[in-house]
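What follows is a single structure, written as structure tokens, with notes after it.
The values are calculated or read from the model by the stated rules, or taken from the named source; none is laboratory data. Because the structure is predicted, anything quoted here is derived from the model rather than measured. FYI the Cβ positions are ideal-geometry reconstructions off the backbone, even for glycines, and counts take in every protein chain you see. The protein model used for the area step is the full one, side chains on, heavy atoms only, and it has no ligands, DNA or RNA in it. Shrake-Rupley method; radii C 1.70, N 1.55, O 1.52, S 1.80 Å.
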Amino acid sequence: MAGNSIGELFRVTTFGESHGHGLGAVIDGCPSGITISEDDFVFEMERRRPGTRPFDTPREELDRVEIFCGVFEGKTTGAPLGLLIANRDVDSQPYEILRNLYRPGHADFTYEKKYGHVDPRGGGRSSARETAARVAAGVVARKILEAEGIFIKGFTTALGGIRASKMDRRAAESNAFFCPDPNAVEEMERALQRARDDGDSIGGIAEVRVSGCPTGLGEPVFSRLDADLARALMSVGAVKGVEVGAGFEAAGRLGSENNDPITPSGFASNNAGGILGGISNGDEIVLRAAVKPIPSIAKEQKTIDRQGRPASLKLTGRYDTSAIPRIVPVLEAMVAIVMADHLLRSRSMRVQQF
Ligand SMILES: Cc1cc2nc3c(=O)[nH]c(=O)nc-3n(C[C@H](O)[C@H](O)[C@H](O)COP(=O)(O)O)c2cc1C
């Protein structure tokens, strides 16, 4: 099972399964001299952790990050940085039903066809539990970025068809959905409650913004900054589409409407979402991810068993009603990992003057 790493100079590999001993990340190429302690991970891990909001799965995954290697006297050494997260609240019993049935909308069918087996205890690598390792690696990436004045912030801009129509960053800090429109929060809550009562799930849109990004990050042509960011966001389960700036709306506009006029003091608008030609243009980077509804639902669904016979499935495990808002810190982490990688790559591109 290859494909567990991302990045060139800041290279993150995740490992582990949802119902094994634990999981984690190794960062190869982590710069030396970054001050770091296990406490630095607590805030971000809590933002992703299930069971901290009313509509999350009640699983209690106590996500304490242990720094296994790569740090000496509180600073990174430049050696591979190993981050471990133990699995504590593991209850495989509700997953027994999945030994013989594929979950519609989940990865069981394709994993079995490809690898010849599927981990029925929560889906193994396809479980969202893996995203805890990404969030841990993202904490380190953020340290590199924040030292350069680059900050990443994610929001829920739609949930169950309810859209935020305001971008109030402060408001996003004070509600459980990271929603920047305080007026939309109650309706979002109601949409989640309705879905939950019906034994169903809902999707939405998460937006991630990068502020303070200098001009010049991105390596055309195959490592365009937008291409690498889209790949990183699409690597998160349940993400089914990515937009940069005006995104899909740009397709219906005139060039004269969509171009961002250039003035001596900068761009007059930001339809480009901060990236032109695959290179950051110094403006805020604006990304959006379409998040599908959670596949595990309590409603009866048609499926087949391992022998290919028709069957029906009604799930009773501990599932989220939506990947939103838990996915928001995960998407922030993926953006941080790509941005840190490109920041380091842009430095290595500079010609040394002798
Ligand atoms: C933060 C987060 C939480 C998720 N929680 C669940 C869950 O409780 N139950 C579930 O079936 N899928 C959950 N998912 C979605 C699955 O991981 C995803 O649908 C599955 O891996 C199949 O991948 P695909 O949807 O990209 O095809 C979650 C995803 C994320 C990012």
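Table for the structure above
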item: Criterion (over 30 Å from residue 282 (Cβ atoms), crowded, with 19+ Cβ neighbours inside 10 Å and out of contact with any Gly (no Cβ under 6 Å at 6 or more places or on another chain)) met by exactly one of 105, 74, 123, 116; result: 123
item: Qualifying residue in segment 163-175 (condition: within 16 Å of the ligand (Cβ to nearest atom), closer than 19 Å to residue 330 by Cβ and not aromatic (Phe, Trp, Tyr)); result: no
item: Meets criteria (assigned to a helix (DSSP H, G or I) and either open to solvent by 40 Å² or more (accessible area, probe 1.4 Å) or within 13 Å of the ligand (Cβ to nearest atom) (or both)) for residue 129; result: yes
item: Filtered residues of segment 285-310 (kept if within 16 Å of the ligand (Cβ to nearest atom), of a type outside the set (Val, Ile, Thr) and touching a Pro at 6+ places or on another chain (Cβ under 9 Å)); result: 295, 301
item: Hits in segment 13-43 - residues which are open to solvent by less than 30 Å² (accessible area, probe 1.4 Å), of a type in the set (A, V, I, L, M) and over 15 Å from residue 143 (Cα atoms); result: 23, 25
item: Some residue of segment 274-284 being at pLDDT 95 or above, aliphatic (A, V, I, L, M) and within 16 Å of the ligand (Cβ to nearest atom); result: no
item: Residue that is modelled with the lowest pLDDT, among those in segment 82-122 that are of a type in the set (A, V, I, L, M), more than 11 Å from the ligand (Cβ to nearest atom) and over 16 Å from residue 16 (Cα atoms); result: 97
item: Residue 155, sole failed condition from (1) modelled with pLDDT under 95; (2) within 16 Å of the ligand (Cβ to nearest atom); (3) of a type outside the set (Gly, Ala, Ser); result: (1)
item: Search result, residues across segment 246-305 that are surrounded by fewer than 20 Cβ atoms within 10 Å (Cβ to Cβ), of a type in the set (Gly, Ala, Ser) and under 30 Å from residue 108 (Cβ atoms); result: 290, 298
item: Among residues of segment 308-333, those that are open to solvent by 40 Å² or more (accessible area, probe 1.4 Å), modelled with pLDDT of 95 or more and of a type in the set (S, T, N, Q), counted; result: 1
item: Pick from segment 132-152, criterion within 16 Å of the ligand (Cβ to nearest atom) and open to solvent by less than 20 Å² (accessible area, probe 1.4 Å), ranking: farthest from residue 64 (Cα to Cα); result: 138
item: Tally of residues being crowded, with 16+ Cβ neighbours inside 10 Å and more than 8 Å from the ligand (Cβ to nearest atom) across segment 236-245; result: 4
item: Candidates 323, 336 - the one that is within 11 Å of the ligand (Cβ to nearest atom) and touching a strand residue (DSSP E or B) at 6+ places or on another chain (Cβ under 8 Å); result: 323
